[in-house]
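Scroll down for the structure; my scribbles are underneath it.
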Amino acid sequence: MDQSRIRNFCIIAHIDHGKSTLADRLIQETGAVSTRDMTAQHLDTMPLERERGITIKAQAIRLTYKYDDDKSYQLNLIDTPGHVDFAYEVSRSLAACEGALLLVDATQGIQAQTMANIYLALEHDLEIIPVINKIDMPAAEPERVAAELKQAFGFKDAEILFASGKTGAGVHELLETIVHLIPPPKGDPGAPLQAMIFDSKYDQFKGVVAYIRVMNGSLRTDDRVRLMQTKVEPDVLEAGYFSPVMVKSDSLGVGEVGYVATGLKNVRDCRVGDTLTMASNPATKALPGYASQMPMVFTGIYPSEGDEYPALREALSKLQLNDASLVFEPESSAALGFGFRCGFLGLLHMDVIQERLEREYDLELIATAPSVSFDVELTDGTRIHVDNPSKLPEPQRIKTIFEPWVNITILTPSRYIGGIMEMVTLRRGEYVKMEYLQPAQSDNAANASQDARVMLEYNIPLSEILVDFHDTLKSVTSGYASLDYRLIDARASDMVKLDVLVNHEAVDALSLIIHRSYAESQGRQLAAKLKELIPRQMFQVPIQAAIGGKIVARENISAMRKNVLAKCYGGDVSRKRKLLEKQAEGKKRRAKMIGAIEVPQEAFMAVLTLERQQVSRH
Amino acid sequence: MTRPAIEQQSIGLYVHIPFCETKCPYCDFNTYSGIERLIPVYVDALCEELRRWAELFPSHASRTVFLGGGTPSYLPPGDLKRVMSALTGGFPLVADAEVTLEANPGDVTQERASGWLDAGFNRVSMGVQSFDDELLTLLGRRHTAAQAIDAFEVLRRAGFTNRSLDLIFGLPQQTLQQWIDSLERTLELSPNHVSLYGLQIETGTPLEAFVRSGKVPQPDDDLAADMYLAAREKLAEAGYRHYEISNWALPGMESQHNLIYWRNEPYLGVGPGAHSSMLKHRFANMKSPRWYVRSLGFEVPADGILSLAGSQPRRPDLPKSTPGQIRAMVAGGPVNFVEQTTPSLELAETMMMGMRLDTGVREADFRARFGKSLRDVFSREIDQMLAAGLIEEDADGIRLSFDGKLLGNEVFGVFVAAAESMLLAE
């Protein structure tokens, strides 16, 4: 395809702003998939993606569009995840594009992730087309949202498009604008091949399939290519593009987006971010790779049955092949046995990985409460990273603990400012600034539905937003606020280790590193929760919380007094026998034996439901 | 393994009557209200099933008979008599056979009671459930405490010397004092036999939904344990033997029929959903009364309410070992569940049922049945349970300890799990 008739673009949007539906509409409008074959949200192929309405993996699809000048254009749409946790994938996709559609929901306006994504797009120097979506909705306020776009990013009226992925309104105009505004790819067709790998997957018939964007040169089937980082030289078994199924096309030219089947058996040999070049005529330099992202959230993941450890390792390795941001290393816990300390980009990322492990690999897991990575300066002057509370050295060996802080941006209707301030302050947050996205409407300030939208910025310890922050924000703002965050620095904090003893035995997997000011109140709450969650045993079981060896809370699980089937007659024998079998077996599943006590999975996550108590106020 | 011929020949007979005037909110039994028009043809079907089994098991006698449900007393005495004639025609009663009818207090009249005696019943088990009218309302029962007291007296006057009554404890909102009052009123009636059931909230029942939605408070397990202890004390003082976890009897008045279940001896159940244990197999009939009637060759009355709701029960997968008699009743009858009682299942079930009795599992019985001693098979489990104080052991065998009776599942579970993991010679 003539380079001048190629357009590579992506869609960036806050979660639920209709990205996948609009993408479906573009696919349909250009005839890539017949109406009969359309399934809703064509690009979200993982069941988990469809269920949650989120995009986790990047996808690419080629559309053929006849512009008004009667020439065919090749539009490559690269679908990207919208969530902040997947910013890494977003930046990979952005690097393969010259333009981006900035999609904003006409009923919701700009959200925190919209801000984050647009800054990413600007960093990549992309042409941005603002599109206000869902204009068919009864609650749509396109003018208001347009005003926000103008105020926040300086767009002009004429630049803003209006569309509905659902009805198809504005889609034709959108396609024209893509051709008209997004620049064709640059690049030298005669130069040695340089193609960027922006994603890869393993296919059992074709081996590793690399998703590529050709920056310079071209490639054909049967070419021997070289991966510049790993120096592996596979043959191109097949080249082609996605429509959205894989379509063979013998060659990929400069500026084009498509795939290369390598026959490689190991995805590690074909890393995302690597550059593909020709073995016989290699480029001198690799394309700039991506800055690798550091995991921010850590948790211990253990198989609930010890013998599933190898299967868990295998599953994590497989997931890591397509997700470089997932890190893991073996660890062991006295309570949980052998497992892995896993690092994630954020909580959603953690959730998604856990769910994929359970669903796609059929594993039963026990996960410990999430933690951040602390930078600990010891009295002997050495510094260590601690991402597992049970690994925190004795207090007397510690000089200073530094904890990571983030800068958070919250977009909210102004009426919720008070509630947000309060919840942020309770979590040690510091106010940075507040900006109105549009001038406050003084004439009808009393009308709550019309109140102005505000961008709030705070600095706050990452550990404070790990657990329940998002949910609390949602409830404080009736779901109207959105949140984004970025790491800023690490600060010295008065942190302590809270230990939990079950039946006088410290349970390493239940330890937490938390701020001293509410360690005691959380210890009390945790003991009370565990009392509810740990089933009664045949003897009394004390639950204690301790800070630095000092017991700060105690609860007793009283002994089980009654557990007997009242009725068992002739009709019940098989059924009751199976019930007893299940009870006996159920003790083993999703629970761990701590000494003689069976501790269920939920207990390890109990910390997620603790509330901040307003210690400073009493 | 050999068993005395007499046991092969004399069995327990259970007859299921799946009709109730109203269905109680805590009940998850196979019983229905609003299908009374099915009763006549249902009785025909029962008689037919009994006739067919008798052909397949000639020369078998009834050691005990138990009509349960549902509400057997809800059936007209004439129908009960027809069922009993078919039953004794096929499976003659042994001398002194215990023949029990389950009755609701509201169904008991002098005239009916005489009819029951005439039909051959010599024992009535009455579902009183509580002597507190408020709790009876909560339970969805249609009788009052006063009615229950009267009914029990009517039975005595009619000539029933063997009377049992059932109560439920651990009810939502029930206090310990209310329970003690109910126990005292029970003792005033001097029944020969008492069944006291701790309420279990069964999944899928209206009561479960009430508790889940908070309409009815969650019953307190600790309080239920206290009620159980109070009952145990009171009944012991009054001379009752606590012979099974939930059952008490004056000496010699234990339920012979239920002992068959607890001793893991053979029985035959007829009627929809009824279970049997014969020829080293457990098997059961389809649950739907309508499909049951049809499976025995009777037409279900054409009537909106009585149309065959639900799809036809599917044919079960039969174990290879299934005996011809059972196969015949699968092919042209109501049986649609068959499970082979392998030696390890027999072991598990013998333990789980036997440990419910105050006599526990007796060394002599165990040895006669399995050719080994209890210690040969369960030494580790016995030591574990002894250490936990849940069982006692002596030369006669093993049984639940005083404390173990409240924690029976802990014991049953250990034996069931151990038995099933054993690979015994099939």
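Close amide H contacts of residue A:328 (hydrogens built in the peptide plane, cut-off under 5 Å, sequence separation of 5 or more or a different chain): A:343. Once the chain from residue A:151 to residue A:399 is taken as fully extended at 0.36 nm per residue, the excess over their C-alpha distance is 84.5 nm. Its alpha carbons considered, the stretch A:397-493 gives a radius of gyration followed by a Dmax of 15.2, 61 Å. What's the FRET efficiency of residue B:55 with residue A:375 using the Cβ-Cβ distance as r and R₀ = 60 Å, to the nearest 0.05? Plugging the Cβ-Cβ distance into 1/(1 + (r/R0)^6) gives 0.10. Sorted largest first by accessible area at a 1.4 angstrom probe radius, with every protein chain in place, the residues B:221, B:358, B:107 fall in the order B:221, B:358, B:107. In the protein assembly as shown, a dipole from Cβ-located charges (positive for Lys and Arg, negative for Asp and Glu) runs towards its positive end, and of A:247, A:210, B:94 it is B:94 whose Cα lies farthest in that direction.
The trypsin sites (Lys or Arg not before Pro) of the stretch B:41-117 include none that DSSP puts in a loop with a beta carbon having at most 13 other beta carbons within 10 Å.
Using every pair of separate Cα atoms, the Kirkwood estimate puts the hydrodynamic radius of the stretch B:332-426 at 13.8 angstrom.
For the stretch B:347-369, accessible area lost to neighbouring protein chains reaches 20 Å² or more, against the chain alone with a 1.4 Å probe, at B:349, B:352, B:353, B:356. Distance between the 7 Å Cα→Cβ label points at residue A:186 and residue B:320: 7.7 nm.
In percent, rounded to a whole number, the relative contact order of the stretch A:510-607 is 28, using alpha-carbon pairs under 8 Å and six or more apart. For the stretch A:536-585, the solvent-accessible area works out to 45 Å² per residue, with a probe of 1.4 Å and every protein chain left in place.
A full extension of the chain between residue A:550 and residue A:1 corresponds to an added length of 190.4 nm, given 0.36 nm per residue minus the alpha carbon distance.
For the stretch B:343-425, with all protein chains present and a 1.4 Å probe, just round the carbon and sulfur fraction of the accessible area to a whole percent. Looking at the stretch B:343-425 in its full context, I get 53 percent from C and S.
Sorted largest first, the principal axis extents computed over the alpha-carbon atoms of the stretch B:26-163 equal 50, 32, 23 Å. Considering the protein assembly as shown at the alpha-carbon level, its Rg and Dmax are found to be 37.1, 112 Å.
The figure for residue A:432 is an accessible area of roughly 60 square angstrom, using a 1.4 Å probe on the protein chains alone.
Stretched out straight at 0.36 nm per residue, the stretch from residue A:137 to residue A:311 would grow longer than its current Cα-Cα span by 57.9 nm. Electrostatic tally near residue B:178: other residues with Cβ closer than 12 Å to its Cβ, Lys and Arg +1, Asp and Glu -1, net -4.
Taking every alpha-carbon pair under 8 Å whose residues sit at least 6 apart, chain B reaches a relative contact order of 15 percent. Summing charges over all other residues whose Cβ lies under 13 Å from the Cβ of residue B:134, with Lys and Arg as +1 and Asp and Glu as -1, gives -2. Using the Cα centre of the stretch A:194-278 as origin and beta-carbon charges of +1 (Lys, Arg) and -1 (Asp, Glu), tell me which of A:234, A:219, A:272 is placed farthest towards the positive end of the dipole. Positive-most Cα among the choices belongs to A:272. Farthest toward the positive end of the dipole of chain A, out of A:526, A:121, A:260, is the Cα of A:526, where the dipole comes from beta carbon charges about the Cα centre.
Where only DSSP H runs of four or more residues are counted, chain A gives -7000 deg cm²/dmol as its mean residue ellipticity at 222 nm, each run worth -39500 (n - 2.57).
The alpha carbon gyration tensor of the stretch A:194-278 gives principal lengths a ≥ b ≥ c with a/c below 1.5, which makes the shape rounded. Take every Cα pair under 8 Å whose residues are at least 6 apart in sequence, average their separation, divide by the length of chain A, and the relative contact order is 10 percent.
Approximating the spin labels as points 7 Å out from Cα along Cα→Cβ, the residue A:29-to-residue A:222 distance works out to 4.1 nm. Averaged over the residues of peptide A:552-565, the number of Cβ atoms from other protein chains lying within 10 Å of each residue's Cβ is 5. First obtain the Kirkwood hydrodynamic radius of chain B from its Cα pairs, then insert it into the Stokes-Einstein equation at 4 °C and 1.567 mPa s, and state the resulting D in µm² per second as a whole number. For these conditions, the coefficient is 57 µm²/s. About its Cα centre, chain A has a charge dipole of approximately 2060 debye under the convention of +1 per Lys or Arg Cβ and -1 per Asp or Glu Cβ, with nothing else charged. Let me know the shape class of the stretch A:193-339, please: from the alpha-carbon gyration tensor, a ≥ b ≥ c as square roots of the eigenvalues, rounded when a/c is under 1.5, otherwise prolate if a/b is greater than b/c, or oblate. It is prolate, given that a/c is not under 1.5 and a/b is the larger ratio.
Near the amide H of residue A:557, within less than 5 Å, lie the amide hydrogens of A:541, A:543, all on another chain or at least 5 residues away, with H placed in the peptide plane. Rounded to the nearest 0.05, the FRET efficiency derived from the C-beta distance between residue A:383 and residue A:436 at R0 = 41 Å is 0.45. Within the straight-line cut-off of under 29 Å between alpha carbons, the lysines reachable from residue A:562 are A:529, A:531, A:576, A:578, A:582, A:587, A:588, A:592, B:23, B:215, B:234, B:405, sequence neighbours fewer than 8 places apart in one chain being disregarded. Equivalent ellipsoid of chain A: semi-axes from √(5λ) of the C-alpha gyration tensor, largest first, are 46, 31, 25 Å. Centroid-to-centroid, using Cα positions, the stretch A:497-564 and the stretch B:33-67 are 58 Å apart.
The accessible surface of the stretch B:77-147, taken with every protein chain in place and a 1.4 Å probe, is 49 percent carbon and sulfur.
Between residue A:452 and residue A:127, the modelled label-to-label distance comes to 3.5 nm, taking each label 7 Å out from Cα in the direction of the beta carbon. In order along the stretch A:563-570, the Karplus-derived 3J(HN,Hα) couplings, from 6.51 cos²θ - 1.76 cosθ + 1.60 at θ = phi - 60°, round to 7, 8, 6, 5, 10, 8, 10, x Hz, and Gly and Pro are given as x.
The values are calculated or read from the model by the stated rules, or taken from the named source; none is laboratory data. Computed from a predicted structure; not experimentally measured. Glycine also receives a Cβ, built like all others from the backbone with ideal geometry; neighbour counts cover every protein chain displayed. With ligands, DNA and RNA removed, areas are computed over all heavy atoms of the protein, side chains included. Shrake-Rupley method; radii C 1.70, N 1.55, O 1.52, S 1.80 Å.
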